[in-house]
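Everything on this sheet refers to the single structure shown next.
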Amino acid sequence: PIMKKIINFPSKTYKDSSKYFKDYIETKNILLKKIDQKKLNLLIKDILTVIKKGNNFFSCGNGGSAATAEHLSCDFLKGSCTNTNLNIKVLSLSSNTTLVTAIANDISYDDIFSYQLNKLGASGDVLFAFSVSGSSKNIIKCVKVAKKKKIKIISFTGFNGGKLRKLSVHNINIDLNNFGIVEDCHLTLMHYISQFIRNLHLKKKNQINKINF
């Protein structure tokens, strides 16, 4: 029964908003608790290695995932680096409206991320790709450029993970058909990773609550 609930939500019509809220939160919490902690530990280990080497991080996503990609650039640069000696170089490929629309208009919407990564990315960098379906053409094209340039791919997906899941070095998949809950989980994971990295590198341990994310 739990697995059926996780795969399909909502699976019925609700009239009681309190019941919908309770089931929504419960579904999200079950999914988050199912995530393989060993996968997360390996993912964080690789992120820390890239930070130490001084390579770049890039992020991308469409729709709500574009907001998560942009949010990541904020939390890694400002959040993780505050009261630490970290210098994380991170750029959201979803954020530059003039550049994104120029590429979409003059070349192709499928190239909005890959074009940028091809110009800016280099071997040893990391691409964070957020895609609920795991099948967005512009994301897949960007990932293929990343692979050619030996840029490590960390992806966060939903549903069955799509093509993106198979193309990634690290993938965290939320196996649910509900876009909102999947995006909630992705955002939670992004906050967890960025805050944990800061936690490891605080100059003084009593500064843990000096800054609100």
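The values are calculated or read from the model by the stated rules, or taken from the named source; none is laboratory data. Values in this document were obtained by computation on a predicted structure and should not be read as measured data. Quick reminder, even Gly has a Cβ in these numbers, built from the backbone with ideal geometry, and neighbours come from all protein chains shown. To get the accessible areas, we keep the full protein, side chains included, count just its heavy atoms, and leave off ligands, DNA and RNA. Shrake-Rupley method; radii C 1.70, N 1.55, O 1.52, S 1.80 Å.
Peptide packing for 75-84, 194-203 was compared via the average number of neighbouring C-beta atoms within 10 Å per residue; ordered from the highest value, the list is 75-84, 194-203.
Note the full-extension length gain between K149 and K15 as 0.36 nm times their separation in residues minus their Cα-Cα distance, in nm to one decimal.
Length gained, K149 through K15: 43.1 nm.
Only lysine pairs 8 or more places apart or on separate chains count here, and in the stretch 19-95 those with Cα atoms under 28 Å apart total 28. So what is the relative contact order for the chain, in percent, with contacts set as C-alpha pairs under 8 Å and at least six apart? Relative contact order comes out at 23 percent. Accessible surface computed residue by residue for the chain, with neighbouring protein chains in place and a 1.4 Å probe, gives 53 Å² per residue.
Ligands, DNA and RNA aside, K19 has an accessible area near 80 Å² when probed at 1.4 Å.
For the chain, the residue among V90, S136, N8 whose Cα projects farthest onto the positive side of the dipole built from Cβ charges is V90.
Volume per residue for the stretch 73-213 equals 119 cubic angstrom (convex hull of Cα atoms).
When the accessible area of the chain is split by element with a 1.4 Å probe, what percent falls to carbon and sulfur? Can you show the working numbers first?
Values: 6040 of 11290 Å².
Here it works out to 53 percent.
Placing a pseudo-label 7 Å from each Cα along the Cα-to-Cβ vector at N85 and K45 gives an inter-label distance of 2.4 nm.
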